[in-house]
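The values are calculated or read from the model by the stated rules, or taken from the named source; none is laboratory data. These numbers come from a predicted model, not from an experiment. Positions of Cβ are backbone-derived with ideal geometry, glycine not excepted, and every protein chain shown enters the neighbour counts.
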């Protein structure tokens, strides 16, 4: 999971505001979703982010947190704010590009 | 409240400059008759200086970055700057350009990098009128070709049209052309005085009667009666901010000078000498602009239009008082509603008439019979 470089993003008082590169829709993320966004480095799997960042920081039950995170990630990927892939995503190997 | 308003409120409360216009150059390949700029290069910021500024702007919380000029594509490092702003610093970037150098290759590159919108200055659908304003033969054809290239890349294009005596008769044709091309179109009847204070370009303004007619064009304004009505004074009208300049937005010139707005030439600092955030937070002038509320305005507080006026503090400043009225906006309020502003009434009271008419004397022989003094 990686941040889509085509999205515009800025932290406003600890919460991310993000504009989709596809249709300029503006989103603001709450603190949990912001942590998820900031951890989306293209290498760390979602379950690891949830376990190490979300559960540790926000005191939520892991199974429930992972389910919520998966829903959110799918939604953000639908708006081309996040990229998701079964394999690591790097700037020189974006999603969908075959090498 | 919309999400955008919420974000604005939050930025305002935390003194964050949410949007900044950065002019990359004042050089231009057109010579528009109404332009307020000095097109000579007096020492533009280098690529490194601009990248450093972008770092500072991102750290300060700036989200929307409008790159403008002059003509932005005249900078050889334009794409390097744009890539840095978008891909390294994640700004939401809007471009303002005449686009006459944009061809398929540039349009494809813009699509690759990703920009929120590209605003192109188009003054008429007729070449003889548009090219007459830009003083560049063939400029309309080239700008329209560029708009097509950009549209074909799926980019959002906006035509920006300044209404002047030269082109006011063409705005409907312009809008039809925009619709045909699938692009948005904005109209602005405001002419900005030259940066050196010269106000002669204001003579290009369309005048009261024409503006009155424009404001009654249903295709433009929607419900005419509603648009032209004077809204009741809202509960918070007098404590409202005059505009976003200096509150959540500001302007940086190609030389690093920082102003509250591109149309508000009150120098508050220079990013070559100071940190941007220090200017934004601590400049006395910026803080003075920031301190002004509608209730602090001279003349305007007693005006019928105070709750709905589009008063520009920058234009007021250029008239001599940032707390005073902006005559162009008084004219707009008058043309829209038919009710003169407090400023217009005050000027009328003090202005001596050129021709004073008095009653004929009872005995023409005694007075010499003159009616005009």
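Figures for the structure shown
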{"item": "Residue check, residue B:128 over 25 Å from residue A:20 (Cβ atoms), surrounded by fewer than 18 Cβ atoms within 10 Å (Cβ to Cβ), under 23 Å from the mean Cα position of the chain (by Cα) and more than 14 Å from chain A (Cβ to nearest Cβ)", "result": "no"}
{"item": "Per-region count, region A:19-50, residues under 13 Å from the mean Cα position of the chain (by Cα), facing chain B (nearest Cβ under 9 Å) and crowded, with 21+ Cβ neighbours inside 10 Å", "result": "0"}
{"item": "Some residue of region A:7-14 being within 13 Å of chain B (Cβ to nearest Cβ), modelled with pLDDT under 90 and closer than 24 Å to residue B:56 by Cβ", "result": "yes"}
{"item": "Selection status of residue B:307, within 21 Å of the chain's Cα centre (by Cα) and surrounded by fewer than 19 Cβ atoms within 10 Å (Cβ to Cβ)", "result": "yes"}
{"item": "Region B:132-179: number of residues that are touching a helix residue (DSSP H, G or I) at 6+ places or on another chain (Cβ under 7 Å) and in a strand (DSSP E or B)", "result": "3"}
{"item": "Number of positions in region B:36-56 that are touching a helix residue (DSSP H, G or I) at 6+ places or on another chain (Cβ under 8 Å) and part of a loop (DSSP other than H, G, I, E, B)", "result": "2"}
{"item": "Subset tally (residues that are more than 16 Å from residue B:86 (Cα to Cα) and touching a strand residue (DSSP E or B) at 6+ places or on another chain (Cβ under 8 Å)) for region B:31-61", "result": "2"}
{"item": "Sole residue being within 14 Å of chain B (Cβ to nearest Cβ), closer than 30 Å to residue B:153 by Cα and not in a strand (DSSP E or B), chosen from A:75, A:80", "result": "A:80"}
{"item": "Subset of region B:1-26 [in a loop (DSSP other than H, G, I, E, B) and crowded, with 20+ Cβ neighbours inside 10 Å]", "result": "B:16, B:17, B:18, B:24, B:25, B:26"}
{"item": "Per-region count, region B:324-351, residues assigned to a loop (DSSP other than H, G, I, E, B) and crowded, with 17+ Cβ neighbours inside 10 Å", "result": "5"}
{"item": "Residues being crowded, with 21+ Cβ neighbours inside 10 Å and within 26 Å of residue B:7 (Cβ to Cβ) - total across region B:284-304", "result": "2"}
{"item": "Any hit, region B:72-84, residues being over 30 Å from residue B:283 (Cα atoms), in contact (Cβ under 8 Å) with a residue 24 or more places away in the chain, under 18 Å from the mean Cα position of the chain (by Cα) and within 11 Å of chain A (Cβ to nearest Cβ)", "result": "no"}
{"item": "Number of positions in region B:87-106 that are in contact with a helix residue (DSSP H, G or I) (Cβ under 6 Å, 6 or more places away or on another chain), over 15 Å from residue B:23 (Cβ atoms) and either within 14 Å of chain A (Cβ to nearest Cβ) or free of Cβ contacts under 8 Å to residues at least 24 places away in the same chain (or both)", "result": "2"}
{"item": "Matching residues in region B:200-223 - criterion: being within 13 Å of residue B:328 (Cα to Cα), free of Cβ contacts under 8 Å to residues at least 60 places away in the same chain and not in a helix (DSSP H, G or I)", "result": "B:206, B:207"}
{"item": "Residue, nearest to residue B:12 (Cα to Cα), within region A:1-17, restricted to residues that are outside any strand (DSSP E or B) and in contact (Cβ under 8 Å) with a residue 12 or more places away in the chain", "result": "A:14"}
{"item": "Hits in region B:310-323 (condition: more than 18 Å from the chain's Cα centre (by Cα) and crowded, with 22+ Cβ neighbours inside 10 Å)", "result": "none"}
